[in-house]
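*Asks:* The structure follows.
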Amino acid sequence: MRWQGLIEGAKAVVMKIVMAVPVTVRMLVTSMIFAALLPSWALAQTYPSKPVRLITPYPPAGGADTAARIVARALSDVTRQQFVVDNRPGASGQIGTEMVARATPDGYVLLLGSVGPNAILPASGAKLPYDAVSDFAPVSLVAVSEYALTVHPSLPARSVKELIALAKSRPGEVAFGSTGVAGGPHLAGELLNHLGAVKLLHVPYKGGSPVMAALLSGEVPVSFSSLPTVLPFKANGRLRVIAVTSARRSPSAPEIPAIAETLDGYEVTQWYGILAPAKTAGSVISALNAAVAKAVSTESARQQFAASGTIASATTPAAFRELIETEIAKWTKVFKSGAITLR
């Protein structure tokens, strides 16, 4: 009751001060406040008013490119303004990611972020041309997925246990392909090395398509790839899918075990989300977030994501930022433990 009395008293004092100010002054102050808020409000009402570039730091035909094109089409439909996918691959995603970090923060250049350049590389201690947290304004998560541990039929391994036994008998000889150094597939292999106490040889490629070509030809006998990409080859016997990297089995292929069933604590997932350059207006972030939420919830987008092996998943900007920071902290611990290096 005492605090309530003090609050009421404070309110009365404030009201007396306000009412003591001449009406013209009060009107001027009100006008100034409205003028300050008007540009932000107006921007939110008109954004986007021209085509938006969605930078994807990986080449066409891979998982990131697929996710980018699905969400770009959906955003174009929702906003009635064109969202254009712009592939800028190189340096394990650093080139395209830096482009967005240095772009004008007006909402017309965005990034299709993912676990590699936005969490794993920052956690590795590598010197990067951008800061994964301070240089970006998270907009929303878009989709999440697992990887499929896949082997060429010529490899005498039909399970994670058999692959580990084979790798222990031939240390450094059994190779696995990935989409590039420090990407999710690379870390998936390195975590298997660590928890399985083996040494699979890492062979980086420039994107998902080259990895798949190498796996199908037998150039590399093992890969961590998109589940929907490899399932058709599993069906016709050209590849053998022995596990998924998520903590539990995938609902789309429940017959395939999770690596965690053999190696306790194993989990590597891929996620995609949209980020804008830091200092992008809050009104633009809010408008984008609402558009993404609407876009990925459409039946068409959800079906397309499901067909690509991902689950559509929109979030608030704050929740997406929390995910990024949590992932960086997770992989930082792994790198500091000495379990994984990027050499």
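*Asks:* In the neighborhood of residue 218, defined by Cβ-to-Cβ distances under 14 Å, what is the net charge if each Lys or Arg adds +1 and each Asp or Glu adds -1? Each step should come with its number before you reach the end.
*Replies:* Values: positive: 238, 240; negative: 219.
For residues surrounding residue 218, the net value is +1.
*Asks:* Once amide H atoms are placed 1.01 Å from N in the peptide plane, what residues at a sequence separation of 5 or more from residue 58, or on another chain, have their amide H within under 5 Å of its amide H?
*Replies:* Amide H to amide H, under 5 Å and 5 or more residues apart or across chains, residue 58 pairs with 88.
*Asks:* Please list 162-169, 128-135 highest first by mean number of surrounding beta-carbon atoms within 10 Å per residue. Intermediate results must be reported in sequence, preceding the final value.
*Replies:* Working: 162-169: 17.6, 128-135: 15.9.
Order by mean packing, descending: 162-169, 128-135.
*Asks:* Here's another thing I want to ask about it. What value, in deg cm²/dmol to 500, does the helix sum -39500 (n - 2.57) over DSSP H runs of n ≥ 4 give at 222 nm once divided by the residues of the chain? Could you put the intermediate results ahead of the total?
*Replies:* Numbers: 12 runs with 158 residues, N = 343.
Per the formula, -14500 deg cm²/dmol.
*Asks:* Now for a separate question. What is the antiparallel percent of DSSP beta bridges lying wholly in the chain, to the nearest 5? Intermediate results must be reported in sequence, preceding the final value.
*Replies:* Numbers: 24 of 39 bridges.
Around 60 percent antiparallel, to the nearest 5.
*Asks:* Using the Kirkwood radius over C-alpha pairs as Rh, can you work out the diffusion coefficient of the range 146-261 via Stokes-Einstein at 4 °C, viscosity 1.567 mPa s, in µm² per second? Numbers along the way, then the final one.
*Replies:* Details: Rh = 13.7 Å.
My calculation gives 95 µm²/s for D.
*Asks:* Bin width 10 Å, origin at 0, all Cα-Cα pairs of the range 201-242: what percent of pairs per bin?
*Replies:* Whole-percent P(r) values from 0 Å outward: 29, 62, 9.
*Asks:* Using a cut-off of 15 Å between beta-carbons, work out the net charge of the residues near residue 167 (Lys and Arg +1, Asp and Glu -1, residue 167 not included).
*Replies:* Values: positive: 158, 161, 168, 170, 199; negative: 162, 173, 190.
Counting the neighbours of residue 167, the net charge comes to +2.
*Asks:* Shifting gears a bit: Between helix 184-196 and the chain, what is the angle of the helix's C-alpha long axis to the longest principal axis, kept within 0 to 90° and rounded to the nearest 10?
*Replies:* Taking the Cα atoms of the chain, the angle to 184-196 is about 60 degrees.
*Asks:* While we're on this one: Tally Lys and Arg at +1 and Asp and Glu at -1 over the other residues with C-beta under 15 Å from the C-beta of residue 132: what net charge comes out?
*Replies:* On the way: positive: 102, 127, 321, 330; negative: 98, 131, 135, 322, 325, 327.
So the surrounding residues net to -2.
*Asks:* Can you give the Kirkwood hydrodynamic radius for the chain, in Å, rounded to one decimal and based on Cα pairs?
*Replies:* Details: mean 1/r = 0.0455 Å⁻¹.
After inverting the mean inverse Cα-Cα distance, the result is 22.0 Å.
*Asks:* For the Cα atoms of the chain, what angle does the longest principal axis make with the long axis of helix 23-46, in degrees from 0 to 90, nearest 10?
*Replies:* 20
No lab work stands behind these numbers, since they all come straight from the coordinates. From a predicted model like this one, the values you see are computed outputs, not experimental measurements. Ideal geometry is used to build each Cβ from the backbone, glycine not excepted, and the neighbour counts take in all protein chains shown.
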